[in-house]
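Since the structure comes first, as structure tokens, the remarks are kept for the end.
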Amino acid sequence: MATPSGSFSSDELISQRVNHLLFINRLTRRRAAEQLGISHSAFNTKMNGGSSWKADELVALTDYFGVSFDFLIARQAIELAEPMSDGERA
């Protein structure tokens, strides 16, 4: 099955989308990892392609950032992502 965005793996696409979400929400990887219940080192390893995202982590990402799974795997335009409110980032 072809990937939606060229030759990127699904893990690379997810990491690209998470990077975008971190940027628009002005969050550090450390803060996001804390909020998601993932160790900072494990989060960095996933973001750098060293290990795959697990299903429960994908659910946590969609819940935390308020995006769909389709967004994470690039089946929806990146422009659909909106910053979270300050209360949601807490």
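What pairs come up if the first residue lies in segment 66-81 and is touching a residue at least 12 places away in the same chain (Cβ under 8 Å), the second is part of a loop (DSSP other than H, G, I, E, B) and of a type in the set (G, A, S), and their beta carbons are under 8 Å apart, counting only those six or more places apart or on different chains?
Taking only residues 6 or more apart or on different chains, the pairs are V67/A81; F71/A81; A74/S5.
Would you mind finding the one in A2, A74, A33, A81 that is at pLDDT 95 or above and not polar (S, T, N, Q)?
Values: A2 fails: at pLDDT 95 or above; A74 fails: at pLDDT 95 or above; A81 fails: at pLDDT 95 or above.
That would be A33, the only listed residue that is at pLDDT 95 or above and not polar (S, T, N, Q).
Quick check on segment 64-77: of everything there that is assigned to a helix (DSSP H, G or I) and surrounded by fewer than 16 Cβ atoms within 10 Å (Cβ to Cβ), which residue is farthest from the chain's Cα centre (by Cα)? Quick ask: steps written out before the conclusion?
Filtering segment 64-77 down to residues assigned to a helix (DSSP H, G or I) leaves 64-65, 69-72.
Filter again for surrounded by fewer than 16 Cβ atoms within 10 Å (Cβ to Cβ), leaving 69-70.
Working: F69: 10, D70: 12 Å.
Of everything passing the filter in segment 64-77, D70 is farthest from the chain's Cα centre (by Cα).
Having 1 or more residues that are touching a residue at least 60 places away in the same chain (Cβ under 8 Å) is the bar; report the helices (runs of 4 or more DSSP H) wholly within segment 2-63 that clear it.
On the way: elements: 10-24, 29-36, 40-47.
Answer list for segment 2-63: 10-24.
The values are calculated or read from the model by the stated rules, or taken from the named source; none is laboratory data. Just so it is clear, the model here is predicted, and its values are computed rather than measured. Here the Cβ is made from the backbone with ideal geometry for all residues, glycine too, and neighbour counts use every protein chain on show.
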